[in-house]
1. Conditions: (1) touching a strand residue (DSSP E or B) at 6+ places or on another chain (Cβ under 9 Å); (2) surrounded by fewer than 16 Cβ atoms within 10 Å (Cβ to Cβ); (3) not acidic (D, E). P112 meets all but one. Number of the miss?
2. Looking at F129, F104, F76, F109, which is the one that is aromatic (F, W, Y) and under 28 Å from T4 (Cβ atoms)?
3. If you go through segment 76-93 one residue at a time, do you hit one that is at pLDDT 95 or above, surrounded by 12 or more Cβ atoms within 10 Å (Cβ to Cβ), in contact with a helix residue (DSSP H, G or I) (Cβ under 9 Å, 6 or more places away or on another chain) and farther than 30 Å from V123 by Cα?
4. Which condition does H56 not pass, out of (1) surrounded by 13 or more Cβ atoms within 10 Å (Cβ to Cβ); (2) within 19 Å of the chain's Cα centre (by Cα); (3) closer than 20 Å to R103 by Cβ; (4) without any contact (Cβ under 8 Å) to a residue 60 or more places away in the chain, if it passes all the others?
5. Are any residues in segment 47-74 out of contact with any Pro (no Cβ under 9 Å at 6 or more places or on another chain), part of a loop (DSSP other than H, G, I, E, B) and not polar (S, T, N, Q), and if so, which ones?
6. Anything in segment 11-62 that is among the small types (G, A, S), outside the structural domain of S77 (by TED's automatic domain parsing) and modelled with pLDDT of 95 or more? List them, or say none.
Amino acid sequence: MSDTFFLIVGIIFAFIGLLLITAKVMSFIKCTVPINAAVVKLEKEHTYFRSFEYTHYRPVVKYEVEGKSYTRKAYFSSLRETKYPINSEMKIYYDPKDPGKMRFVGHLFPLPMGIVFLLIGAVLIYCYFL
């Protein structure tokens with residue numbers, strides 16, 4: 001296999017990793033105002049793995065800023081329906097310049113994935129120079 005393959009794929013992986021890390025860091029920089037959002041419903045999602053059906057519950061939260069209401073679906077889910085009960089509160093941070101943009105507290109996605117992509121890219125680039 002050609003050495004340039006490692007370099008090209010390594011650069012692509014490192015670039016994707018940097019994009020994912022930058023997206024999460026920017027959400028930490030922009031979304032600075034804390035507020036409690038109410039869980040208004042749970043969306044059911046069904047997945048199949050090795051002929052078994054699994055049900056995931058994705059919380060949908062609602063919060064109000066300056067009289068305007070916003071509803072956002074979480075990017076994470078749980079196998080337990082009771083983990084995010086309806087009418088419970090979740091702490092979020094929103095962007096004061098654009099209250100429609102927000103981030104959930106305690107959920108770091110896509111930061112770990114970005115670090116993994118960056119590390120794989122760095123190893124592939126290192127392999128090019130061996």
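1. Result: P112 passes all but (1).
2. Working: F104 fails: under 28 Å from T4 (Cβ atoms); F76 fails: under 28 Å from T4 (Cβ atoms); F109 fails: under 28 Å from T4 (Cβ atoms).
Exactly one of F129, F104, F76, F109 is aromatic (F, W, Y) and under 28 Å from T4 (Cβ atoms), namely F129.
3. The answer is yes, given that some residue of segment 76-93 is at pLDDT 95 or above, surrounded by 12 or more Cβ atoms within 10 Å (Cβ to Cβ), in contact with a helix residue (DSSP H, G or I) (Cβ under 9 Å, 6 or more places away or on another chain) and farther than 30 Å from V123 by Cα.
4. (3)
5. Within segment 47-74, R50, G67 qualify.
6. A14, G17
The values are calculated or read from the model by the stated rules, or taken from the named source; none is laboratory data. Keep in mind that this is a model prediction, so the values were computed, not measured. Every residue, glycine among them, receives a Cβ derived from its backbone with ideal geometry; neighbour counts consider all protein chains shown.
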